[in-house]
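Notes to accompany the following structure.
FYI, it's all coordinate maths here, none of it is from the lab. Since the structure is predicted, the reported quantities are computational estimates derived from the model, not experimental observations. Positions of Cβ are generated from backbone atoms using ideal geometry, with glycine treated the same way; all protein chains shown enter the neighbour counts.
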Amino acid sequence: MTDIDYMRLALDLAERGHATVRPNPMVGAVAVQHGRILGQGYHLAPGQPHAEVYALEHVAAGTPDVTLYVTLEPCSHTGRTPPCADLLIRKGVARVVCALVDPDPRVSGRGIERLRAAGIEVTVGVLEADARRLNEVYVKHRTTGLPFVTLKLAETLDGYIATAPGDSKWISSAASRSRAHGLRAEVDAILVGIRTVLADDPELSVRHVEGRNPVKLVLDSRLRIPTDARIFQGAPLVVATTEDVPKARQRDVEAAGAKVWRAPSADGRPILRQVLVRAAAEGLLHVLIEGGGAVAASALEAGLVDRVAVFIAPRILGGGVSAVDGLGISRMADAIQLDEVLVERIEDDLFYTARVKTSRIKGRESRARSSRESRARSSRESRVESRELEAVESRESRDKR
Ligand SMILES: NC(=O)c1ccc[n+]([C@@H]2O[C@H](COP(=O)([O-])OP(=O)(O)OC[C@H]3O[C@@H](n4cnc5c(N)ncnc54)[C@H](OP(=O)(O)O)[C@@H]3O)[C@@H](O)[C@H]2O)c1
């Protein structure tokens with residue numbers, strides 16, 4: 001077997017930590033002597049031993065000619081566990097082959113330096129692209145200070161996520177909705193706009209599959225969120241708002257059980273990038289944006305989306321809430337480009353996933369939307385808003401009774 005074969009095995013091992021390892025990276029390791037595997041392992045969960053510890057568990061110190069294959073640079077700092085570089089040196093490993101330099105600024109080449117300084121031969125970059133892809137969430141977080149963002153939508157064949165009055169239950173099949181719950185189980189937070197909360201009163205929990213419930217994040221410029229909304233139940237709720245909302249309203253929302261983040265604003269709305277920077281700083285590495293159309297547009301426009309996951313159902317509405325509401329792109333050449341497209345059929349729905357290729361809209365035209373488009377949008381918003389107001393008023397009068 002070659003370096004590549006052993007590294008492939010180490011990557012396969014790493015992937016076994018997929019469901020449990022967050023917020024740590026997935027790491028696998030294999031110890032080899034003269035073509036014989038002496039040990040192997042992977043990092044299972046935060047606080048648990050690193051992959052290198054398992055791979056070397058039964059290798060006596062001083063065993064000659066041991067090569068350790070590891071998918072990520074061995075750490076050089078003391079976290080919840082001692083530095084792995086020191087373990088490799090103590091064991092007298094002869095050679096280390098690693099796929100990826102750890103992008104974490106606390107490591108970032110220092111582990112490799114330490115090994116080389118101790119006389120260990122180090123080869124870096126074997127199956128690097130695969131290792132980077134395996135840990136794309138971790139790599140994005142450590143290199144940009146932003147979470148990895150997946151935009152999930154369920155839309156009709158003609159691109160609507162709800163009818164004009166806001167009815168969206170249900171667009172896709174039960175099997176697609178289970179799959180969507182699977183996406184939720186893989187992320188640290190779900191983010192929606194306040195209009196989705198007002199229209200759907202969603203729980204945003206993982207119900208149709210096994211898995212942990214992510215934190216819920218709502219963008220709400222004026223703290224309109226009803227304090228009896230279902231979203232207050234279950235996993236922690238964060239409402240991101242502007243600096244200008246009254247303190248008393250913040251206290252009410254906090255008293256109902258949510259955290260309130262005040263973020264810098266533009267056009268009276270919290271700036272999504274700032275909210276995501278804060279989310280990343282709080283350890284939320286992977287955020288699933290679940291709509292609605294306005295939030296999807298904000299995220300795409302700001303170049304914040306890494307992947308899209310879209311359920312396309314065999315229904316046609318001919319109008320309603322657009323999946324991505326108004327990017328103001330007038331030339332096809334400026335469309336946001338996607339690649340690495342995968343299409344799967346789930347019953348009669350299509351499940352379409354792709355990576356966002358262009359990171360930011362060229363020649364941003366959002367502020368110069370055609371007047372027709374913005375008129376259409378504002379009349380839709382005011383129609384929906386008056387219905388929302390009626391709903392809040394009727395809820396409040398019900399509460400008073
Ligand atoms: N089929 C699906 O997959 C799906 C998923 C989700 C929602 N939906 C449907 O979509 C509809 C809601 O979508 P929508 O487009 O009307 O609204 P939305 O995207 O849910 O919420 C938009 C609102 O969020 C607030 N907001 C605060 N900061 C923002 C920012 N930086 N960027 C964008 N918005 C920000 C704004 O209201 P304030 O300024 O007042 O805060 C804005 O009007 C509902 O009918 C729902 O049923 C469908």
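Values as computed for the structure displayed
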| read-out | value |
| --- | --- |
| Positive-pole candidate from A174, S221, P105, dipole of the chain, charges at beta carbon | S221 |
| Pair D167, D3: separation of 7 Å Cα→Cβ label points (nm) | 6.2 |
| Antiparallel bridge percentage (DSSP; both residues within the chain; nearest 5) | 40 |
| Per-peptide average of other Cβ atoms within 10 Å, ordering 240-250, 73-83, 187-197 highest first | 187-197, 73-83, 240-250 |
| Centroid-to-centroid separation of segment 116-148 and segment 298-362 [C-alpha atoms, Å] | 29 |
| Most to least packed among 5-13, 147-155 [average Cβ atoms within 10 Å] | 147-155, 5-13 |
| Cβ-based exposure ranking for D349, D86, in which fewest neighbours within 10 Å come first | D86, D349 |
| For segment 74-124, size of Cβ-based charge dipole, Lys and Arg +1, Asp and Glu -1, in debye | 140 |
| Unit charges at the beta carbon, dipole of the chain: most positive-side option, G125, Y54, A297 | A297 |
| R36 versus V209: modelled label distance in nm, points set 7 Å from Cα along the beta carbon direction | 4.2 |
| Candidates L44, L146, L217: whichever shows maximal mean-square fluctuation once the chain is modelled as a Gaussian network with Cα springs under 10 Å | L44 |
| Candidates per GluC sites (Glu not before Pro) in segment 176-242, loop by DSSP, up to 12 other Cβ within 10 Å | E210 |
| Volume per residue of the C-alpha convex hull in the chain, rounded to whole Å³ | 162 |
| GNM flexibility winner over the chain from V122, V93, V27 (Cα, springs under 10 Å) | V122 |
| Full-stretch length increase - T20, D228 - with 0.36 nm per residue and alpha-carbon distance subtracted | 71.6 nm |
| Paramagnetic reach from A174 (point 7 Å along Cα→Cβ, amide N under 17 Å) across segment 316-352 | 346-349 |
| Difference of contour (0.36 nm per residue) and Cα-Cα distance, E340 to R133 | 73.3 nm |
| In the chain, lysine pairs closer than 19 Å at Cα, eight or more apart or cross-chain | 7 |
| Packing-based order for 286-294, 48-56, 222-230, using average beta carbon neighbours within 10 Å, highest first | 286-294, 48-56, 222-230 |
| Dipole moment magnitude, nearest 20 debye, the chain about Cα centre, only Lys, Arg, Asp, Glu C-beta charged | 920 |
